[in-house]
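S.K.: Provided herewith is a single structure, encoded as structure tokens, for subsequent inquiry.
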Amino acid sequence: MQDRLHILEDLNMLYIRQMALSLEDTELQRKLDHEIRMREGACKLLAACSQREQALEATKSLLVCSSRILSYMGELQHRKEAQVLGRTARRPSDTGPPDERSPCRGTICISDIRIPLMWKDTEYFKNKGDLHRWAVFLLLQLGGNIQDTEMVLVDRTLTDISFQSSVLFTEAGPDFELRLELYGACVEEEGALAGAPRRLASKLSNSLGRSSGRRVRASLESAGGSGGSSAASPILLPTPAVGGPRYHLLAQTVLTLASVQDGFRTHDLTLTSNEESPAWLPLYGSVCCRLAAQPLCMTQPVMSGTLRVQSWGQVHGILKGTNLFCYRHPGEANAQEDPLFTIAINKETRVRAGERDQTLGAPLTLSISNQYGGDEVTHTLQMESRGALQRWMEALWQLFFDMSQWKQCCDELMKIEVPPPRKPPPALAKQGSLYHEMAIEPLDDIAAVTDILAKREGPPLDVPPHWLALFTEKLPTSKLPIHAPRSPSPPRACPGPRATPWGRPRTLSLDAAPRGRPPLPPRSSSSSSSGSGSPAPRQRSPPAQGFRAKARPWLQSPV
Amino acid sequence: MSYVPGQPVTAVVQRVEIHKLRQGENLILGFSIGGGIDQDPAQNPFSEDKTDKGIYVTRVSEGGPAEVAGLQIGDKIMQVNGWDMTMVTHDQARKRLTKRSEEVVRLLVTRQGLQKAVQQSMLA
């Protein structure tokens with residue numbers, strides 16, 4: 001059976017390659033070849049893997065490659081069809097009005113993706129202590145472009161799944177559809193019992209904890225059945241290792257232009273797995289992210305040329321985004337100097353061609369009118385030639401069309417950071433909490449504790465922390481000042497005040513270690529100061545950084 | 001003025017009635033406060049008990065309404081117009097003193113030596 005599948009697989013690959021060759025599309029061909037080679041590499045890596053985490057990474061690459069191959073194949077079929085149809089239809093059919101406008105392309109960036117989780121109490125109380133872990137990642141598809149995020153390990157100490165990476169899609173139209181798919185797999189216990197004989201395995205699954213037992217039973221049933229197919233179609237691209245980890249589709253959603261905003265926003269997720277599925281995660285049902293779009297008309301100059309403006313003389317105008325910048329000469333624009341003046345071009349602007357004043361004898365003019373408050377300001381631009389007038393009119397109409405298509409993206413330029421090339425996944429350290437690292441010997445070695453803390457948190461404590469007093473016997477009888485307990489409830493999918501340029505709140509896990517950059521505490525949790533007048537920075541006491549009390553100035557206010 | 005947690009707080013207090021002064025748009029009292037349950041009590045220079053998180057008067061401006069009313073630097077404010085000030089944050093305390101609708105605030109303050117003064121006056 002395995003041999004037959006293998007042969008089928010090879011035949012499929014051959015067919016795909018042939019189709020690509022016949023179309024003589026070198027770009028698509030090259031991409032397809034690349035993906036096929038990547039896929040083969042991933043298969044080999046998977047077969048050679050010994051550790052579970054490596055196997056998970058390899059399976060993820062396999063899944064991504066398979067999805068990409070499928071999408072390229074779909075594209076190939078599409079083009080093949082078009083080619084065949086094109087040959088039969090001799091007459092050029094009327095495709096619509098001749099000057100059919102197409103909107104400009106743009107770059108879409110999705111970043112700061114966060115998916116809240118909703119753990120049940122059974123996970124904490126009736127679980128016999130074993131920490132279930134899942135590996136999750138997101139697959140993002142826009143048109144023919146498929147990208148993935150890094151793989152994140154999730155366990156019950158996390159309140160959300162956070163993806164640090166941001167994903168960029170170029171060449172997207174305003175009618176784009178960004179499909180988000182969340183895949184998850186169990187990290188342990190699934191493979192451990194895969195090899196065990198059925199009777200022993202079922203006996204074991206009965207005596208495990210409730211949730212892990214259920215999971216094992218589900219995986220046993222599914223392993224016996226379909227023979228380890230991935231999310232892609234089984235016959236076409238079967239995955240080799242049956243005992244390897246399997247990713248299941250947990251949730252998905254589609255984002256469009258309506259979801260684009262220069263800020264953090266919540267969208268609904270369609271959950272596709274239920275509790276019986278082996279890799280089920282208790283998802284809250286929404287995803288928070290920042291979806292920004294930069295249409296080309298906002299970032300690149302649409303039109304430039306010499307103009308003669310009433311009361312300003314001859315200028316060099318550059319039409320870009322929502323403005324017409326006018327410089328004294330072209331060199332000034334290149335030197336990044338401030339323009340002489342700027343005319344706003346937005347949805348409210350009105351443009352008229354033709355003469356304003358017949359007697360002046362200026363035939364090639366353009367009037368741009370804007371409403372500022374109650375007044376209407378009109379600029380009259382004089383062109384050099386009729387051709388120039390035509391070109392400027394065309395550029396302006398195209399710009400207005402783009403603005404109507406890209407809607408809110410053309411109000412203001414949304415900032416997009418080009419993400420650095422992603423590093424290969426590091427040796428996956430076991431994700432532990434601070435307690436795992438606190439093996440101090442001898443037990444009362446303060447220097448060791450402060451060392452560990454300093455390494456974790458970064459800058460050394462410049463003032464001796466409060467609890468140090470306990471050991472230096474400065475305050476023999478007094479108790480340590482107990483800070484007012486703060487409820488560590490992370491903001492549930494609603495953006496708090498600005499911590500990053502686009503206002504994404506950072507949530508801290510309950511007892512997991514801070515990853516990467518030191519986390520900024522969520523502002524809405526310092527509610528005990530109840531101050532709208534006084535600025536919040538005075539009252540920062542992050543809940544997760546337990547006994548690290550920084551010395552703050554004792555506040556005095558005049559009344 | 002130290003207290004045992006769980007036991008009621010008792011103190012000898014003095015009533016101070018301050019009439020706020022209008023300065024432009026604001027009504028000012030003419031003193032500054034320090035302390036609060038969200039502040040570090042060890043840095044309070046006026047408190048006898050360094051775990052006391054109450055609100056203390058840290059400065060009294062000369063000739064201001066507070067000085068005229070008899071408020072002294074180092075006083076601990078127990079109540080303002082009936083509102084408790086022994087278990088409030090710094091900001092809550094400031095707000096209770098600076099309510100725009102109130103032109104007069106009646107404070108109950110306590111200071112070191114008041115207890116002794118009362119005892120002496122009773123003996124005499």
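The values are calculated or read from the model by the stated rules, or taken from the named source; none is laboratory data. If you're wondering where the values come from, they're calculated on a predicted model, not measured in any experiment. Note that each Cβ is placed from the backbone with ideal geometry, even for glycine, and that neighbours are counted across all protein chains shown.
S.K.: Quick one: would you say B:SER101 is surrounded by fewer than 13 Cβ atoms within 10 Å (Cβ to Cβ), in a loop (DSSP other than H, G, I, E, B) and hydroxyl-bearing (Ser, Thr, Tyr)? Please lay out each step first, then the result.
M.R.: Numbers: surrounded by fewer than 13 Cβ atoms within 10 Å (Cβ to Cβ): yes; in a loop (DSSP other than H, G, I, E, B): yes; hydroxyl-bearing (Ser, Thr, Tyr): yes.
Yes: the conditions hold for B:SER101.
S.K.: While we're looking at this one, here's another question. For the stretch A:133-191, give me each residue that is basic (Lys, Arg) and over 13 Å from the mean Cα position of the chain (by Cα).
M.R.: Step one: list which residues in the stretch A:133-191 are basic (Lys, Arg), which gives A:133, A:156, A:179.
If the condition is that a residue be basic (Lys, Arg) and over 13 Å from the mean Cα position of the chain (by Cα), then A:ARG133, A:ARG156 are the ones that fit.
S.K.: Quick check: anything in the stretch A:78-96 buried (at least 18 other Cβ atoms within 10 Å of the Cβ) and either farther than 27 Å from A:LEU63 by Cα or at pLDDT below 80 (or both)? Walk me through how you get there before you give the answer.
M.R.: From the stretch A:78-96, those buried (at least 18 other Cβ atoms within 10 Å of the Cβ) are none; that's our starting set.
No, the conditions are met nowhere in the stretch A:78-96.
S.K.: Considering only the stretch B:6-26, state which residues are touching a strand residue (DSSP E or B) at 6+ places or on another chain (Cβ under 7 Å) and either among the aliphatic types (A, V, I, L, M) or within 13 Å of chain A (Cβ to nearest Cβ) (or both).
M.R.: Result: B:ALA11, B:VAL12, B:VAL13, B:VAL16, B:ILE18, B:LYS20, B:LEU21.
S.K.: Which residues, counting only those in the stretch A:41-77, are of a type in the set (Lys, Arg) and crowded, with 22+ Cβ neighbours inside 10 Å? Lay out the reasoning, then the answer.
M.R.: Step one: filter the stretch A:41-77 for residues of a type in the set (Lys, Arg), giving A:44, A:52, A:60, A:68.
Scanning the stretch A:41-77 gives A:LYS60, A:ARG68.
S.K.: Another question, if that's okay. For the stretch B:28-61, how many residues are of a type in the set (S, T, N, Q), facing chain A (nearest Cβ under 7 Å) and within 23 Å of B:VAL105 (Cα to Cα)?
M.R.: Pass one, the stretch B:28-61, residues of a type in the set (S, T, N, Q): B:32, B:39, B:43-44, B:47, B:51, B:58, B:61.
If we keep only those that are facing chain A (nearest Cβ under 7 Å) as well, we get B:32, B:39, B:43-44, B:51, B:58.
Restricting the remaining residues to those that are within 23 Å of B:VAL105 (Cα to Cα) gives B:32, B:58.
Residues flagged as of a type in the set (S, T, N, Q), facing chain A (nearest Cβ under 7 Å) and within 23 Å of B:VAL105 (Cα to Cα) within the stretch B:28-61 amount to 2.
S.K.: Out of the stretch B:89-109, which residues are in contact (Cβ under 8 Å) with a residue 40 or more places away in the chain and either of a type in the set (Gly, Ala, Ser) or more than 10 Å from chain A (Cβ to nearest Cβ) (or both)?
M.R.: From the stretch B:89-109, those in contact (Cβ under 8 Å) with a residue 40 or more places away in the chain are B:89-94, B:97-98, B:100, B:102-109; that's our starting set.
Matches in the stretch B:89-109: B:ALA93, B:ARG100, B:GLU102, B:GLU103, B:VAL104, B:ARG106, B:LEU107, B:LEU108, B:VAL109.
Residues checked against (1) within 14 Å of the chain's Cα centre (by Cα); (2) not polar (S, T, N, Q):
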site	(1), (2)
B:PHE46	yes, yes
B:GLY63	no, yes
B:ASN81	yes, no
B:ALA93	yes, yes
B:GLU102	no, yes
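S.K.: When the stretch B:84-123 is examined, which residues are found to be touching a strand residue (DSSP E or B) at 6+ places or on another chain (Cβ under 9 Å), of a type in the set (D, E, K, R) and closer than 18 Å to B:GLY30 by Cα?
M.R.: B:ASP91, B:ARG94, B:ARG96, B:LYS99, B:ARG100, B:GLU102, B:GLU103, B:ARG106
S.K.: Continuing with this model, one more query. Kindly indicate the residue of the stretch B:73-84 that is of a type outside the set (Gly, Ala, Ser) and closer than 15 Å to B:SER47 by Cα and also farthest from the other protein chains (Cβ to nearest Cβ) among those meeting that condition.
M.R.: First, pick out the residues of the stretch B:73-84 that are of a type outside the set (Gly, Ala, Ser): B:73, B:75-81, B:83-84.
Now restrict to residues that are closer than 15 Å to B:SER47 by Cα: B:73, B:75-78.
On the way: B:ILE73: 12, B:ASP75: 13, B:LYS76: 14, B:ILE77: 10, B:MET78: 16 Å.
My answer is B:MET78.
S.K.: Inspect the stretch A:231-245 for any residue being out of contact with any Leu (no Cβ under 6 Å at 6 or more places or on another chain), buried (at least 16 other Cβ atoms within 10 Å of the Cβ) and at pLDDT 85 or above and give the result as yes or no.
M.R.: No: zero hits.
S.K.: Give the residue that is farthest from A:THR378 (Cα to Cα), with candidates limited to residues of the stretch A:294-343 that are part of a loop (DSSP other than H, G, I, E, B) and hydroxyl-bearing (Ser, Thr, Tyr).
M.R.: A:THR322
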